[in-house]
Amino acid sequence: MNPIVRWFHQLGSPPYFERFAARWAPIAYGIGLLVMAYGLYGALFVVPADYQQGDSFRILYIHVPSAWMSMAVFGLMAVYAAIALVWRIKLCEILAMACAPIGAAFTLITLATGSIWGKPMWGTWWDWDPRLTTELILLFLYLGVIGLYNAIDDRRNAARAAGLLAIVGVALLPVIHYSVTWWNSLHQGQTIRLFGQSHMDPSMLPPLWAMVIGTHVWFVGSLLARARADNLRRESGKDWVARLAEPRT
Amino acid sequence: MSYEGYVIAAYGVFMVVMLWDFFAPRIQVRQQLRAARMRAARNEKGKATGPRPPEAPLPRG
Amino acid sequence: MMWTAARALMARDLRLLWRRRGDALQPALFALLVVVLFALALGGEAQALAKVAAAVLWLAVLLAGLLALDTLFRGDADDGSLEQWMLAPVPLSWLVLVRTFMHWATTALPLLVATPFLAELLHLPHDELPVLLASLALGTPLLSLLGAVVAALTVGMRRSGILVALLALPLYVPILVFAAGSVAAAAQGLDPTGALLLLGAGLVLALVLAPLAAAAAIRIALD
């Protein structure tokens with residue numbers, strides 16, 4: 001058997017996954033943190049202030065990577081959920097459900113930083129602009145998946161129900177975005193183009209890429225850590241967990 | 001216009017959420033391991049005292 | 001005796017709430033969703049929203065509270081605790097009052113806290129916010145108390161969802177009128193105190209009478 005395929009099968013074994021996640025989560029967190037630190041340092045101290053937006057422009061370095069993560073994580077969650085539903089792979093159920101809180105966190109950051117950025121720029125904490133509105137609905141979708149997963153007692157059924165919700169959500173998300181964009185075009189007159197074409201000077205890009213990579217790596221760390229907790233919870237009656245939990249003599 | 005407060009607020013939100021994202025799973029793992037430890041201890045205690053024979057009177061008081 | 005019973009009931013409710021603390025967020029999330037839907041339906045334009053913001057916020061809180069009403073007695077009815085209440089040495093109406101207070105504190109109070117944020121989403125003029133909060137502070141307990149009577153009437157029923165709404169909403173109309181009206185009056189520069197005082201008087205009456213009515217309703221429903 002191909003070693004990569006064998007590794008995938010091994011990951012599906014709960015004790016193996018526990019060891020894998022316990023080892024790699026801190027590493028991913030650490031690398032993610034370092035890359036983000038580099039990016040944030042660049043965003044705050046290296047990049048010059050934007051000629052139009054001044055220092056508030058620095059918020060972009062958090063807002064944009066978080067927005068991308070909020071979308072990417074939702075897509076990944078749906079992929080894991082689809083695999084879990086079709087092939088009934090327990091690990092994919094766990095990974096799908098572990099994605100949800102992280103994605104919700106990034107969505108929250110996106111909304112909050114977008115609001116904070118909007119206030120000095122356009123004088124308002126909130127605008128019913130298509131992107132912000134879609135992002136808010138995305139938050140509700142995430143919270144729905146989390147809520148449904150927590151509401152059902154049996155972990156496998158809960159993951160499959162919430163996974164189905166995630167898949168429905170990912171299918172509807174483009175529709176939601178399109179509908180809100182269309183609705184917004186009806187009110188053309190007062191539209192504040194919140195994220196208009198601001199061209200970024202190439203010198204301003206490296207911290208942004210650092211933040212994009214950093215958030216992705218951090219996400220892997222968080223995913224593994226949360227999956228580890230869920231794995232332990234599901235296997236809680238088993239011997240290997242009891243042995244693992246034994247106080248080290 | 002000073003944007004300092006806004007930048008600090010935005011970066012602050014980011015830090016707080018990232019901190020939560022770091023600590024929440026750690027706490028969950030620790031709780032799971034603790035629950036497993038206590039469960040194992042309860043099972044050991046049960047095995048030590050052994051099952052009560054069916055004819056023995058129920059403990060009272 | 002009554003205070004020990006009240007403390008015990010409150011402690012139990014808080015413990016149960018802590019175990020399902022995710023659920024405690026649901027009324028606030030529902031109110032937020034109502035706000036989103038209104039904003040989308042009205043076209044999202046700041047000026048149009050600002051004119052109706054206070055009314056929409058009141059409706060969001062009212063509807064969220066209506067949905068939350070189901071949890072007022074259902075848990076205890078399902079596991080038989082309600083019958084124990086009827087046999088308790090303390091008056092049933094006292095237990096109902098304590099339960100209703102805890103329910104209000106755990107469902108309506110988060111809504112009150114969320115209101116300033118929701119108000120920002122709807123571009124509510126800032127000088128209307130204090131009157132809005134005052135009307136909510138007086139109105140939501142009233143809604144909870146009247147809602148308790150309706151919930152008690154339907155406590156035995158299986159699928160009472162819409163029925164509860166149909167019974168409760170007519171009772172809610174005067175509260176909504178005086179509360180939203182007080183904010184509208186303030187917006188026009190008139191004095192809102194009259195409407196707020198009426199709400200206050202209604203609250204005092206309801207504090208005394210509603211638990212009695214709800215207790216009678218529970219006895220009828222569980223007989």
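Starting from a Cα-only point model with no solvent, please compute log10 I(q)/I(0) by Debye for the stretch C:2-222 at q = 0.09, 0.13, 0.14, 0.18 1/Å.
-0.37, -0.75, -0.86, -1.29
Please go through the stretch C:65-110 and write out the chymotrypsin sites (Phe, Trp or Tyr not before Pro) that DSSP classes as loop and that have at most 13 other C-beta atoms within 10 Å. Could you put the intermediate results ahead of the total?
Details: sites: C:73, C:85, C:94, C:101, C:104; in loops: C:73.
Of the chymotrypsin sites (Phe, Trp or Tyr not before Pro), not one in the loops of the stretch C:65-110 has a Cβ with at most 13 other Cβ atoms within 10 Å.
Kindly provide the chymotrypsin sites (Phe, Trp or Tyr not before Pro) of the stretch A:40-75 that DSSP labels as loop, not H, G, I, E or B, and whose Cβ sees at most 15 other Cβ atoms within 10 Å. Kindly include the intermediate steps, with their values, before the conclusion.
On the way: sites: A:41, A:45, A:51, A:57, A:61, A:68, A:74; in loops: A:51.
Of the chymotrypsin sites (Phe, Trp or Tyr not before Pro), the ones in loops of the stretch A:40-75 whose Cβ has at most 15 other Cβ atoms within 10 Å are A:51.
Which Cα, out of A:98, A:168, A:109, lies furthest along the positive dipole direction of chain A (beta carbon charges, K/R +1, D/E -1)?
It is A:98, whose Cα lies furthest towards the positive end.
Along each of the three principal axes of the Cα atoms of the protein assembly as shown, give the extent in whole Å, ordering the values from largest to smallest.
84, 71, 39
Which lysines have a Cα lying under 29 Å from the Cα of residue C:51, excluding residues fewer than 8 positions away in the same chain?
A:119
Can you give me the three principal axis dimensions of chain A from its C-alpha atoms, in Å, biggest first?
Cα extents, longest axis first: 63, 41, 36 Å.
What number, in percent, do you get for the relative contact order of the stretch C:2-222 if the mean sequence gap of Cα pairs under 8 Å and at least 6 apart is divided by its residue count? Walk me through the intermediate numbers first.
Details: 238 pairs, mean separation 58.0, N = 221.
Across the stretch C:2-222, relative contact order equals 26 percent.
Suppose the Debye formula is applied to equal point scatterers at every Cα of chain B; what is log10 I(q)/I(0) at q = 0.14, 0.15, 0.30 Å⁻¹?
The Debye formula, applied to the Cα set alone, gives -0.68, -0.72, -1.10.
What size of dipole, in debye to the nearest 20, comes out for the protein assembly as shown about its Cα centre when the only charges are +1 on Lys and Arg C-beta atoms and -1 on Asp and Glu C-beta atoms?
Details: 41 positive and 31 negative charges, 534 e Å.
For the protein assembly as shown, the charge dipole is close to 2560 debye.
Filter the trypsin sites (Lys or Arg not before Pro) in the stretch C:1-102 to those in DSSP coil with at most 15 other Cβ atoms within 10 Å of their Cβ, and list the result. Write out the running numbers ahead of the final one.
Details: sites: C:7, C:12, C:15, C:19, C:20, C:21, C:51, C:74, C:99; in loops: C:20.
Loop-located and lightly packed - C:20.
Within 10 Å of each Cβ of A:234-245, how many other protein chain Cβ atoms are there on average? Kindly include the intermediate steps, with their values, before the conclusion.
Values: counts 1, 2, 5, 2, 1, 1, 1, 7, 8, 2, 4, 10.
Counting other chains' Cβ atoms within 10 Å and averaging over A:234-245 gives 4.
Based on DSSP H runs of at least 4 residues, each adding -39500 (n - 2.57), what is the mean residue ellipticity at 222 nm of chain A after dividing by all its residues, to the nearest 500 deg cm²/dmol? Please list the in-between numbers first.
Numbers: 8 runs with 189 residues, N = 249.
Mean residue ellipticity, 222 nm, calculated: -26500 deg cm²/dmol.
Summing -39500 (n - 2.57) over the DSSP H runs of n ≥ 4 in chain C and dividing by its residue number, what mean residue ellipticity at 222 nm do you reach, to the nearest 500 deg cm²/dmol? Could the numbers behind the result be given before it?
Numbers: 11 runs with 182 residues, N = 223.
Computed ellipticity for chain C at 222 nm equals -27000 deg cm²/dmol.
For residue A:90, list the lysines whose Cα falls under 22 Å from its own Cα; do not include residues on the same chain fewer than 8 positions away.
Answer for residue A:90, where 22 Å is the Cα cut-off: A:238, listed by chain and number.
Based on DSSP H runs of at least 4 residues, each adding -39500 (n - 2.57), what is the mean residue ellipticity at 222 nm of chain B after dividing by all its residues, to the nearest 500 deg cm²/dmol?
On the way: 1 runs with 46 residues, N = 61.
Per the formula, -28000 deg cm²/dmol.
Enumerate the aspartates and glutamates that residue B:45 could reach by cross-link, defined here as Cα to Cα under 19 Å, with residues fewer than 8 away along the same chain left out.
Within reach: A:239, A:246.
Every read-out reported here was derived from the displayed coordinates using simple, explicitly stated rules and does not represent laboratory data. It should be emphasised that the depicted structure is a prediction, and the values quoted were computed from it without experimental measurement. Positions of Cβ are generated from backbone atoms using ideal geometry, with glycine treated the same way; all protein chains shown enter the neighbour counts.
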